[in-house]
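Pasting a structure here, questions to come.
Just so you know, all these numbers are worked out from the coordinates, no wet-lab data involved. The structure presented is a predicted model; accordingly, all values stated were derived computationally and were not measured. Don't worry about glycine lacking a Cβ; one is built from the backbone with ideal geometry, like all the others, and counts go over all protein chains shown.
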Amino acid sequence: TILVYPLIFLLMPKFWSVAKQHGYVTAADFVRHRFGSSLLALLVALTGILATMPYIALQMFGIEVSIAQMGVPVELALVIAFLILAAYTYTSGLRAPAMIALVKDVMIFIVMFAAIIYIPIRLGGWGNIFAAVHAKAAASPKTFHEILAPAQYTAYTSLALGSALALFLYPHSLTGVLSSNSRIVVKRNAALLPIYSLMLGLLALLGYMAVAMNVHPAAAYKSNGAIPALITAAFPDWFAGFAFAAISIGALVPAAVMSIAAANLFTRNIYKEYIRPQCSDREESTVAKLTSLVVKVGALAFIILLPATQVINFQLLGGVWIIQTLPAVFLGLYTHWFHRWAMVIGWAAGMISGTLMAYSQKFVSIFPLSIGGVSIPTYHAVLSLIINLVLTIVFTLIFRAVHMAQGQDGTVPADYEAPVVETPEPALEQLG
């Protein structure tokens, strides 16, 4: 995550300014106006909806594991997790996540600080924890590493880069940016966000604690259930229940915002654009609610149909898809040089190649790229993005050489630096 904050600082103020100047609510709005291409905007919208589904699946899986750890059967836990998320957003829209966001943060902070203070004391200090991890690494050198192994360097680096590039292309991330009151606020938040990475580092240490305590996750979840198993083993029942509630709410809030953002993308850039241009506000709200439900059903399908041995692969699969919008969205903030049809070709090649690479590896996020007989493990989002960019550049040169009509740019350079100051627009909420 530490790589994403410079990107936010550089890119998001530009996006905020141009969006406020022209009334954009989604990335697809910007792409259509920037490149004069309704087709490219449609592809960006569809990609955002598709990529959000596995990301929501990750959150839903977290709720499921927490419920199952309390003794609920696995299948029933998944059903309960889906119903909670569906009812939560269908009835309350964005109001519910907004109202309980502070409660969620407080609960998670309490659990985190209790874990990093109480569990090390119980285990005899951090020295004992690291010693236990070292002993396990020495006993199982082929399957467990206490530090990154040399063979994992390219995989780790490409995962970090690809995830950083993808994160703020998601619809819910851009919605959060547009809710800021000024571009200065966007920059200030980007400067403060590295503190969040410190919290993630503490969270990662819980895995070491689980090793030191020799916890045994449920067979159905394996390593995905290590933290809930640690909480059950380390804390009394009453606090474990509080911790599971914090985990569930911590997953529920972002999942709700994601599904609502995807629904808004559909209603604004697909339904209202192509299906019912004259639809009423009430009809638009109803369609958004139903779309939000469909998105959650899609997320449920990812959990059921894809292997969940390493559930983080759900999010990484979404990254493979959403990163294909980078040329149009991120690079589009700086240049109109790319030809609209070249970007369509690049998008298609990136989507197809990225999906095929994921499928060939049974949806594990790393693809063994072979160059000169040497295997280079690489995140397939990065590889597919390279294919996308190369084809976009090549076909742009070809189309410009044959003087193929270029889309009309509806923006001017000053739009990207304009210090517009205004209050957040309530139009972002379609489900309330």
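Taking DSSP loops as anything outside H, G, I, E and B, show the longest stretch in the chain free of GluC sites (Glu not before Pro) there with at most 12 other beta carbons within 10 Å.
Working: sites that count: E417, E422.
The longest uninterrupted stretch comes out as 1-416.
Further, regarding this structure: Going by how many other beta carbons lie within 10 Å of each one, how would you line up R400, R34, fewest first?
On the way: R400 14, R34 27.
The fewest-first ordering by Cβ neighbours comes to R400, R34.
Same structure, new question: Just rank T335, T232, fewest to most, by other beta-carbon atoms within 10 angstrom. Present the calculation step by step, with values, prior to reporting the outcome.
Values: T335 9, T232 19.
Ascending Cβ contact count within 10 Å gives the list T335, T232.
Then there's this: Could you put R282, R122, R183, R268 in order, starting from the residue whose Cβ has the fewest other Cβ atoms within 10 Å?
On the way: R282 8, R122 15, R183 22, R268 19.
Neighbour counts put them in this order, fewest first: R282, R122, R268, R183.
Same structure again: Got a sec? Charge dipole of the chain, +1 on Cβ for Lys and Arg, -1 for Asp and Glu; which of L39, V382, A131 is way out at the positive end?
V382
With θ set to phi - 60°, apply the Karplus curve 6.51 cos²θ - 1.76 cosθ + 1.60 along the range 148-164 and write out the HN-Hα couplings as whole Hz, x wherever there is a Gly or Pro.
5, 7, x, 5, 9, 4, 5, 5, 5, 4, 5, 5, 5, 5, x, 5, 5
Take the residue pairs K104/K222; K142/K222; K136/K222; K14/K187 and return only those whose Cα atoms are more than 21 Å apart. Mind showing how you got there, number by number?
Values: K104/K222 26 Å; K142/K222 18 Å; K136/K222 17 Å; K14/K187 10 Å.
In this structure, K104/K222 lie more than 21 Å apart at Cα.
How many angstrom separate the Cα center of the range 237-256 from the Cα center of the range 366-410?
That distance is 41 Å.
Please give the length that would be gained between V185 and I275 if that part of the chain were fully extended, namely 0.36 nm times their separation in residues minus their C-alpha to C-alpha distance (nm, one decimal). Could the numbers behind the result be given before it?
Details: separation 90, 0.36 × 90 = 32.40 nm, distance 3.66 nm.
This chain segment gains 28.7 nm when fully extended.
Return the lysines within reach of K272: Cα separation strictly under 25 angstrom, same-chain partners fewer than 8 residues apart disregarded; answer none if there are no such residues.
Partners within reach: K20, K289, K296.
Determine, from the Cβ-Cβ distance of Q361 and L83 and an R0 of 30 Å, the FRET efficiency 1/(1 + (r/R0)^6), rounded to the nearest 0.05. Write out the running numbers ahead of the final one.
Values: r = 32 Å, r/R0 = 1.08.
After rounding, the FRET efficiency stands at 0.40.
Next up: Please label the shape of the range 4-415 as rounded, prolate or oblate, based on the square roots a ≥ b ≥ c of the eigenvalues of the alpha-carbon gyration tensor (a/c under 1.5 means rounded; beyond that, a/b larger than b/c means prolate, else oblate). Can you show the working numbers first?
Working: a/c = 1.92, a/b = 1.44, b/c = 1.33.
Taking the square roots of the gyration eigenvalues as a ≥ b ≥ c, the range 4-415 is prolate.
Shape call for the range 199-247 from the C-alpha gyration tensor, a ≥ b ≥ c root eigenvalues: rounded (a/c under 1.5), prolate (a/b greater than b/c) or oblate?
On the way: a/c = 1.43, a/b = 1.09, b/c = 1.32.
Cα axes put the range 199-247 in the rounded bin.
Give the long-range amide H neighbours of I376: residues separated by 5 or more places, or on another chain, with amide H under 5 Å away, using H modelled in the peptide plane at 1.01 Å from N.
L369, S370, I371
Could you size up the charge dipole of the range 4-415 around its Cα centre, putting +1 on the beta carbon of Lys and Arg and -1 on that of Asp and Glu, and report it in debye to the nearest 20? Write down the numbers at each step before the final one.
Working: 22 positive and 12 negative charges, 92 e Å.
Rounded to the nearest 20 debye, it is 440 debye.
Would you mind putting 20-28, 361-369 in packing order, based on average other-beta-carbon counts within 10 Å, highest first? Write out the running numbers ahead of the final one.
Numbers: 20-28: 20.2, 361-369: 18.0.
My ranking of the peptides, most packed first, is 20-28, 361-369.
How far apart, in nm, are the 7 Å Cα→Cβ label points at A204 and A101?
For the pair A204/A101, the computed spacing is 2.7 nm.
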